[in-house]
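Note sheet for the following structure.
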Amino acid sequence: MNLTTRQLQAFAALHQHLSFTRAAQQCHLSQPAFSALIQGLEQGLGAQLFERSTRHVVLTAAGQDFLLHAQRLLAAIDQAVQSMQGAAELRASRVTVALLPSLAAHWLPSLLAQFAQSHPQIQVQVRDALNTPCLDSVQQGQADWALCTALARHPDLHAAAVAEETFYLVCARDHALAQTAAPVSPQALRGLPFVHLAAHTSVRASVDAWQAAVFNAALLHTRMEVEQLATVMGMVRAGLGVSLVPALSLAYFQDPGIAIRRLEGLAPARTIYWVRHRHQSLGPAAQAFYDSAQHSLQAWLQSQEEMQSAGRT
């Protein structure tokens, strides 16, 4: 038979009250509907569970045997419900975000501090990763949303552009290109030793696309390829080469030994996207943090651009 929770609850209520009237009231059923529920249970089990008379209701021997099983089943169901509710509450109070390391290192910390003050009950977990792992985290349900360049397309993902960031030239403070505050001609980069990020990064993809669009050829002479922007900063500061980096990563390069300069004309650029799962809605915690981040990112990007326009390099 298909034993239902409603039947088990009716059995337990009748055992507790030994009265069809009071048990039916506890189960919020009419007495005829409650009686039909008990009869259906007995028919399904093939045994009479209660002896009934006009004056009393008592468990039969079969009812006594079934009582322990019913109590165990109801306890297991209650535990499962509580476990699921606890998991739902935990999800409602926790958000996981995936984002590029340049955003995680410089923009995110101040946002997290502000968010913790206004939403102390919400725990934010961070996955700082390159573009493809960010996308994978959202697609696989490991992150609620991501901030990345969304170069890959996936039917389960929805990407919405949030910011367009310009690339800047970075070089050692004593480099010839740093001796004037004027924008640097792209042609001036030809033949200079260049520190590239690895080919699988979104920064490299943007720089390569810019070269192809502006010069229809490779302009930059690769001195070395590295994996991290922090490594780029160290190499540039040591005078081992120059590089082109996006605005959101300029905080890495605020160093007395490094100069930051604009490029003349069309500079490399990349678009930052909010990425969410197309078929999963954000929970309350994820939505609250998303709303806070949305208001913060544009302001932070604008401040980075204004700082460079003011010549604070």
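Numerical summary
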{"read-out": "Convex hull volume per residue for the stretch 1-88, taking Cα atoms only, in Å³", "value": "99"}
{"read-out": "5 angstrom amide H check on I258, placed H, neighbours 5+ away", "value": "R173"}
{"read-out": "Cysteines having no other Cys beta carbon under 4.7 Å from their own, within the chain", "value": "C27, C171"}
{"read-out": "Sequence-distant residues sharing a close amide H with L157 (under 5 Å, placed H)", "value": "R278"}
{"read-out": "The stretch 188-245: C-alpha gyration tensor shape, a/c 1.5 cut-off, then a/b vs b/c", "value": "oblate"}
{"read-out": "Under the Debye formula (equal points on every Cα, no solvent term), log10 I(q)/I(0) of the stretch 34-181 at q = 0.16, 0.19, 0.20 Å⁻¹", "value": "-0.99, -1.20, -1.25"}
{"read-out": "Normalised alpha carbon radius of gyration of the stretch 97-169 [divisor 2.2 N^0.38 Å]", "value": "1.18"}
{"read-out": "Tail weight of P(r) past 38 Å, computed on alpha-carbon pairs of the chain, percent", "value": "43"}
{"read-out": "Bridge type composition, the stretch 90-158 - antiparallel percent by DSSP, nearest 5", "value": "0"}
{"read-out": "The stretch 134-162 versus the stretch 261-279: alpha-carbon centroid distance in Å", "value": "15"}
{"read-out": "Share, in percent, of DSSP beta bridges within the chain that are antiparallel, nearest 5", "value": "60"}
{"read-out": "Under the Karplus curve 6.51 cos²θ - 1.76 cosθ + 1.60, θ = phi - 60°, whole-Hz ³J(HN,Hα) for the stretch 4-9, x wherever Gly or Pro sits", "value": "10, 4, 4, 5, 4, 5"}
{"read-out": "Overall dimensions of the stretch 246-300 as given by Cα atoms, namely Rg and Dmax in Å", "value": "16.6, 48"}
{"read-out": "Karplus-derived 3J(HN,Hα), 6.51/-1.76/1.60, for each residue of the stretch 289-294, Hz, glycine and proline x", "value": "6, 4, 4, 5, 5, 4"}
{"read-out": "Paired Rg and Dmax values of the stretch 204-276, which use every Cα atom, in angstrom", "value": "13.2, 41"}
{"read-out": "Derived scalar couplings ³J(HN,Hα) [the stretch 94-110; Karplus, 6.51 cos²θ - 1.76 cosθ + 1.60; whole Hz; x for Gly, Pro]", "value": "9, 9, 10, 10, 10, 7, 4, x, 5, 6, 5, 7, 10, 7, 5, x, 5"}
{"read-out": "The stretch 1-122, relative contact order [Cα under 8 Å, separation at least 6], %", "value": "19"}
{"read-out": "Trypsin sites (Lys or Arg not before Pro), loop per DSSP, at most 10 other Cβ atoms within 10 Å - longest free stretch of the chain", "value": "154-311"}
{"read-out": "Summed side-chain charge close to P101 - residues other than P101 whose Cβ falls under 12 Å, Lys, Arg +1, Asp, Glu -1", "value": "-1"}
{"read-out": "Among Q26, Q117, Q280, residue whose mean-square fluctuation peaks in a GNM of the chain (springs only between Cα atoms under 10 Å)", "value": "Q26"}
{"read-out": "Of all accessible heavy-atom area on the stretch 82-212, the percent that carbon and sulfur account for (1.4 Å)", "value": "53"}
{"read-out": "For H221, distant residues with modelled amide H under 5 Å away", "value": "G191, L192, F194"}
{"read-out": "Tensor-based shape of the stretch 178-313 (alpha-carbon gyration tensor, a/c under 1.5 rounded, otherwise prolate or oblate)", "value": "prolate"}
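The values are calculated or read from the model by the stated rules, or taken from the named source; none is laboratory data. Keep in mind it's a predicted model, so treat the numbers as computed, not measured. Counting neighbours? That spans all protein chains shown, and the Cβs are built from the backbone with ideal geometry, glycine included. Each accessible area value is taken on the protein alone, full model and side chains, heavy atoms only, with ligands, DNA and RNA left out. Shrake-Rupley method; radii C 1.70, N 1.55, O 1.52, S 1.80 Å.
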